[in-house]
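Shown next, in structure tokens, is the structure this report addresses.
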Amino acid sequence: MPYWNICCSIWRNKYLLLFLPFLAIFPYQQTQSCGPVDYSFRGYSFMEPNLLMIDTRRAPLFLDFNVVYENYKGQKAAQQLGNLEEWQERFCDWPKLADIQQVIYQSTLTDLQMIRSALERDRNSLPYNWQGNSFIAYLKRSNCLEVIDYLIYAKRCEPHVIAKESWDPNPRNVAVMQTLINQAKQIFTDLESHYVRLRYAYQMIRLAHYMGDYEQTLELYDWLMPKTDNDPSIIEYWIEGHRAGALLKLGQRVEAAYLYAKIYENCPSKRISAWRSFSIQSDEEWDQLFLLCKNDHERATLHAIRANNPKSNRVQEMQNIYALEPNNSHLELLLVKQMHELEKDLLGLEFNDQKAFNSKYFNRPSKYAGQTVIDLLDFVEQVLEEKQTKQLELWRIADFYLQFLAGNDYYAQRTLNDITPKINNPKLKAQLDAWTLAFKIANYQTITDEIEEEVGNMKRINPIFQAFPDFEDFTNDRLSYLYKTEAHPGKAFRMHYPLEAMLPNPQMDIVDDLLEVCEKTSRHYLERKMVERGDSTIKNDLLDIKATVALQKNQLEAALELYKDIGRTDWDNYGLFAPFIERINDCVYCPLPDTAVLYNKGELIEAIRSKDYDARSNSDKSAKLFYEVGLAYYNMTYFGHAWEAMDYFRSGSSLSRFALNTKDGVAPHYYYPFGNKENLDCSTALDYFERTLQLARNSNPELAARAAFMAAKCEQNIYYVNRYKDASKTYYYFNLLADEFWNTEFVQRRVIKECKYFEAYVY
């Protein structure tokens, strides 16, 4: 017979609805990824996104290259945009970008062939969906048949130059690819447009590369490129990328790395792939690569590439760049990138409530963060002193932010006072304003009414605060930290969580602190958000929590006094229960019979008190009344259908080995900060069933049998709760049923028929 119920944990709807009005007062750190737990980094950043636009060509370098795809729609999108813009430029910016995109990326081979036929005849013969396309109109007016022929050829090449997954068993059709190369070679020298020649050269070299014929790739490059006389084009760098790839495959690593470095520096649409392909594996190769560089700018680029390696000493690489070319634009971008990394290590480290998580999963702060911020500060001050670099204002505000991150608050404030009137660039001024606000919040040392009011105004009306999503968490963490140090656990809790996050394991210090806030006659904005709901407060909800915990501890007088404070008219708001129902098999969520008498918690406490009092003073009804009280206490445990009278949350996994081995019976839970503490104690119920047995054993064997059976359920549940703590399994009450009460109607007609576990035991 199942004495416990393993089922999915759910919330009783009335309780969820009860607390919904204030679930979202403050942000609750919950999952953002698949599954119940968010494993993303949990820190703060106050880097102004527009700061990247100081040099739009190199903006993507700010972020970790692994994240660039998400923030800049991927390399493929960047390459397509660069390609479209160049087509537009070659046609004097006359065709619309969207029309060029439709022809190049949205057309089929059949579409292009139909357009080709129409251009030779009459524009009006175009299919309806191509009429009005400004790119086609330009090709028609300029009689650019070479261009449309090239686009048809490129579309025929397209299926053969798509990256294949490693598991794809289908080989490339090398014969068709070679035929396409040969066809293009035959018409190449007859083309009038050198730009179209360059495009054909790209397609042929790309085909040879994807074929894996790296020797032919280089041969085609040597034969084709001298025959093009074109203005500078991104296509040249795309070609160089395939040439570099062929060299790398043929073991010419240094030469390949040099080409990748040039692509990295000059072709934004290929920068990520060039960085990933750049490969130098020894100091000897690095020295050889340096010798290939034609000037200090190219050498500085090599250090910029190496600086983007996560394992590099970025500050040292910045110093190397500065020594070669003090005004190199990579310096600003690497500065911003390093500050972003230091934010993860140092920003709010004292009060970040997730620092243990960051340490475990991200090794933050990193081992060398302290030394890195010192080294970077020294370098920034050198740059400011020598004034040879670009964007000197950026270096000024960086000096302040790094002092702040390093914990040098005195020097940070002095630097801030000095530089504030010197910053004129609007983007940099906005960035400085954000860092200044973060500095101010981080330096709150104690909580006063003025600070609480100030923070409330920040949250409501400060545009800088609202422009950076992390300010909310940053401020809440700082205030929560200070509230804890000043013995305000309730306020500290509410800076992070809704009240429902505490209900599976109520904390009385939090409840009492919030009750004090409820009692205040005048509350500032933050306190109002913590405890007010509509025209009232959450005072009654807090009293209900205290009363429920008192009920768990069998402190009926204290629980009833708390409910008297709530007021009888509001008692039904906290649930209706039928704990006096007798069930052979436990069923936590089965429907109640229509005859069930429902009690709210206040009425239930009164009923238990009354029955217990009458049982102790009325010998005729004592056994029956003790039994009813025992039923109530049993059904209000984890195992009974009225469990919600003593608890707010029930998890079906609570009887697992993992949960029962936890300290103090509290099972960790991904959603609840204090875990989940179930009401598993059947000892009070067992005590009342024992009293019933003593009184009814001789005078009322049917009632005694029922009490023995319920006591057996308690006995088994106590074992299941303690089975991993050297508890032994006993069958005292089952034996009692079999030995003394076997012939009772209750055992014969109900227990044997309905309880298969008892039936198996006795037979």
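The values are calculated or read from the model by the stated rules, or taken from the named source; none is laboratory data. Quantities reported herein were computed from a predicted structural model and do not represent experimental measurements. Cβ coordinates were reconstructed from backbone atoms using ideal geometry, including for glycine residues, and neighbour counts include every protein chain displayed. Only protein heavy atoms, including side chains, enter the accessible area calculation; ligands, DNA and RNA are left aside. Shrake-Rupley method; radii C 1.70, N 1.55, O 1.52, S 1.80 Å.
Can you tell me which of (1) open to solvent by 30 Å² or more (accessible area, probe 1.4 Å); (2) within 23 Å of Glu317 (Cβ to Cβ) is the one Thr420 doesn't meet?
Checking Thr420 against (1) open to solvent by 30 Å² or more (accessible area, probe 1.4 Å); (2) within 23 Å of Glu317 (Cβ to Cβ), the one that fails is (2).
Would you check which residues across the range 616-632 are at pLDDT below 95 and under 30 Å from Leu543 (Cβ atoms) and list them?
Result: Arg616, single match.
Output the residues belonging to the range 507-531 that are touching a residue at least 60 places away in the same chain (Cβ under 8 Å) and either part of a helix (DSSP H, G or I) or farther than 17 Å from Tyr483 by Cβ (or both).
Within the range 507-531, Tyr525, Leu526, Glu527, Lys529, Met530 meet the criteria.
Within the range 653-672, work out how many residues are open to solvent by less than 30 Å² (accessible area, probe 1.4 Å) and under 30 Å from Trp571 (Cβ atoms).
2
So which helices (runs of 4 or more DSSP H) are wholly in the range 442-496 and hold at least 2 residues that are open to solvent by 40 Å² or more (accessible area, probe 1.4 Å) and either over 29 Å from Asp541 (Cβ atoms) or among the polar types (S, T, N, Q) (or both)? Before the answer, list the steps.
On the way: elements: 449-461, 463-467, 470-485, 489-494.
Passing ranges, in order: 449-461, 463-467, 470-485.
So, in the range 696-726, how many residues would count as being over 15 Å from Cys682 (Cα atoms) and either open to solvent by 10 Å² or more (accessible area, probe 1.4 Å) or among the β-branched types (Val, Ile, Thr) (or both)?
Looking only at that region, the number is 11.
How do the pairs read when you match residues in the range 598-621 that are over 22 Å from Arg568 (Cβ atoms) with residues anywhere that are open to solvent by less than 30 Å² (accessible area, probe 1.4 Å) and among the polar types (S, T, N, Q), using Cβ under 7 Å and keeping only pairs 6 or more apart or on different chains?
Hits for this filter: Ala615/Ser622.
State all residues of the range 223-232 that are surrounded by fewer than 20 Cβ atoms within 10 Å (Cβ to Cβ) and either farther than 17 Å from Trp87 by Cβ or touching a Leu at 6+ places or on another chain (Cβ under 6 Å) (or both); if no residue qualifies, say none.
Correct list: Trp223, Met225, Pro226, Lys227, Asp229, Asn230.
Scan Leu428, Leu432, Leu437 and give me the residue that is buried (at least 18 other Cβ atoms within 10 Å of the Cβ), farther than 14 Å from Ser45 by Cα and not small (Gly, Ala, Ser).
Leu428
Just for the range 518-551: of the residues that are modelled with pLDDT of 95 or more and of a type in the set (S, T, N, Q), which one is nearest to Phe577 (Cα to Cα)?
Thr548
Hey, can you tell me all the residues within the range 349-371 that are over 19 Å from the mean Cα position of the chain (by Cα) and either open to solvent by less than 30 Å² (accessible area, probe 1.4 Å) or touching a residue at least 40 places away in the same chain (Cβ under 8 Å) (or both)?
Result: Glu350, Phe351, Ala369.
Among the residues of the range 613-652, count how many are surrounded by 21 or more Cβ atoms within 10 Å (Cβ to Cβ) and among the polar types (S, T, N, Q).
2
Scan the range 567-609 for residues that are hydrophobic (A, V, I, L, M, F, W, C), open to solvent by less than 10 Å² (accessible area, probe 1.4 Å) and under 43 Å from the mean Cα position of the chain (by Cα) and report the count.
Of the residues in that region, 4 qualify.
For the range 550-569, give me each residue that is within 17 Å of Thr637 (Cβ to Cβ) and in contact with a helix residue (DSSP H, G or I) (Cβ under 7 Å, 6 or more places away or on another chain).
Ala550, Leu551, Asn554, Leu556, Ala559
Have a look at Ile115, Ile148 and point out the one that is modelled with pLDDT of 90 or more and either out of contact with any Asp or Glu (no Cβ under 7 Å at 6 or more places or on another chain) or of a type in the set (A, V, I, L, M) (or both).
Ile148 is the lone residue from the list that is modelled with pLDDT of 90 or more and either out of contact with any Asp or Glu (no Cβ under 7 Å at 6 or more places or on another chain) or of a type in the set (A, V, I, L, M) (or both).
Please go through the range 186-196 and give me each residue that is in contact with a helix residue (DSSP H, G or I) (Cβ under 7 Å, 6 or more places away or on another chain) and either touching a residue at least 60 places away in the same chain (Cβ under 8 Å) or in a helix (DSSP H, G or I) (or both), ordered by number.
Phe188, Tyr195, Val196
State which residue is farthest from the chain's Cα centre (by Cα) when the search covers only the range 38-93 and only residues that are at pLDDT 70 or above, closer than 21 Å to Pro469 by Cβ and in a helix (DSSP H, G or I).
By that ranking, first place goes to Leu51.
Only residues that are part of a helix (DSSP H, G or I) and touching a helix residue (DSSP H, G or I) at 6+ places or on another chain (Cβ under 9 Å): list them for the range 343-369, please.
Filtering the range 343-369 down to residues part of a helix (DSSP H, G or I) leaves 343-346, 355-362, 369.
Passing the criteria: Glu343, Lys344, Asp345, Leu346, Asn358, Phe362, Ala369.
Would you say Thr548 is under 42 Å from the mean Cα position of the chain (by Cα) and more than 30 Å from Glu454 (Cα to Cα)?
yes
Test Gly675 against the stated conditions and say whether it is in contact with a Leu (Cβ under 9 Å, 6 or more places away or on another chain) and either open to solvent by less than 60 Å² (accessible area, probe 1.4 Å) or under 30 Å from Arg568 (Cβ atoms) (or both).
Spelling it out, it is not the case that Gly675 is in contact with a Leu (Cβ under 9 Å, 6 or more places away or on another chain) and either open to solvent by less than 60 Å² (accessible area, probe 1.4 Å) or under 30 Å from Arg568 (Cβ atoms) (or both).
(1) in contact (Cβ under 8 Å) with a residue 12 or more places away in the chain; (2) farther than 19 Å from Leu109 by Cβ; (3) open to solvent by 70 Å² or more (accessible area, probe 1.4 Å): which one isn't true of Glu236, the others all being true?
(3)
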